[in-house]
Structures are given as C-alpha cells and as structure tokens.
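Note sheet for the following structure.
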C-alpha cells in the first residue's frame with residue numbers, strides 16, 4: 001500500500017510559478033523501512049521545491065528526505081532517542097504536509 005494523499009488547500013501562485021498547497025497524508029499499515037516514497041506527481045506537481053510535514057497525533061515525528069524523496073516517520077524509542085516506526089505503528093495516522101513546487 002502507500003500513503004493516501006488528499007488536498008486540503010491550494011494557494012495561488014506565490015512567485016515565479018511556484019505553487020503551494022496543503023495536503024493530508026493518511027498512513028497505512030505497511031510503512032516501508034526507509035520511509036514512504038513520494039514524488040511530485042503525488043501532489044499534482046511537476047517538481048518539488050519543499051515538503052514540510054507536521055507531526056501526527058500520538059507523538060510521531062515526520063520528516064522529508066529531499067534527496068531520497070521519502071517521507072520518514074519516527075517515534076521515541078524505549079531508550080529515549082527517536083527511532084523509525086515499525087510497519088503498523090502509524091496505521092491511520094494523518095500527517096498534514098505543506099508542499100511547494102511547480
């Protein structure tokens with residue numbers, strides 16, 4: 001499976017053809033080690049400048065790996081430091097993502 005991505009709000013052209021939109025990405029029960037792969041077309045863009053995920057309820061932290069094109073999810077580990085989530089840890093969690101691109 002993959003992320004289910006739904007547009008929340010599209011903003012008018014910011015500058016020089018750059019668009020900005022806000023999406024809700026709903027996680028499934030098969031989070032792949034190394035993060036969910038995402039591409040510009042997933043958000044209706046031709047290319048991406050910036051992807052900024054917010055944190056999801058339950059203490060989960062999300063980050064976007066620009067070179068790898070992946071949305072990573074983390075949680076606090078038993079020993080304290082952040083660790084990547086397991087396959088089913090974030091099932092049905094929704095993360096809000098702000099995307100800028102063209």
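Of all residues in segment 34-45, none that is closer than 21 Å to residue 74 by Cβ has its Cβ atom under 7 Å from the Cβ atom of a residue that is part of a helix (DSSP H, G or I), 6 or more apart or on another chain. Taking segment 88-102 as the range and being part of a loop (DSSP other than H, G, I, E, B) and crowded, with 18+ Cβ neighbours inside 10 Å as the test, the residues that pass are 90, 93. Please verify whether residue 24 is within 20 Å of residue 75 (Cα to Cα), assigned to a strand (DSSP E or B) and in contact (Cβ under 8 Å) with a residue 40 or more places away in the chain, treating the condition exactly as stated. Yes: the conditions hold for residue 24. What about residue 23, is it closer than 12 Å to residue 85 by Cβ and under 14 Å from the mean Cα position of the chain (by Cα)? Spelling it out, it is not the case that residue 23 is closer than 12 Å to residue 85 by Cβ and under 14 Å from the mean Cα position of the chain (by Cα).
Looking at segment 65-84, which of the residues that are without any contact (Cβ under 8 Å) to a residue 24 or more places away in the chain and touching a strand residue (DSSP E or B) at 6+ places or on another chain (Cβ under 8 Å) is nearest to residue 16 (Cα to Cα)?
66
Among the residues examined, residue 17 does not qualify as surrounded by fewer than 19 Cβ atoms within 10 Å (Cβ to Cβ), more than 13 Å from residue 99 (Cα to Cα) and free of Cβ contacts under 8 Å to residues at least 40 places away in the same chain. Answer yes or no as to whether residue 6 is in a strand (DSSP E or B), farther than 21 Å from residue 88 by Cβ and in contact with a strand residue (DSSP E or B) (Cβ under 9 Å, 6 or more places away or on another chain). For residue 6, the condition - in a strand (DSSP E or B), farther than 21 Å from residue 88 by Cβ and in contact with a strand residue (DSSP E or B) (Cβ under 9 Å, 6 or more places away or on another chain) - is met.
Read-outs: derived from the displayed coordinates by stated rules, not from any lab. Only a predicted model underlies this, so the values are computations on that prediction, with no experimental measurement involved. Note that each Cβ is placed from the backbone with ideal geometry, even for glycine, and that neighbours are counted across all protein chains shown.
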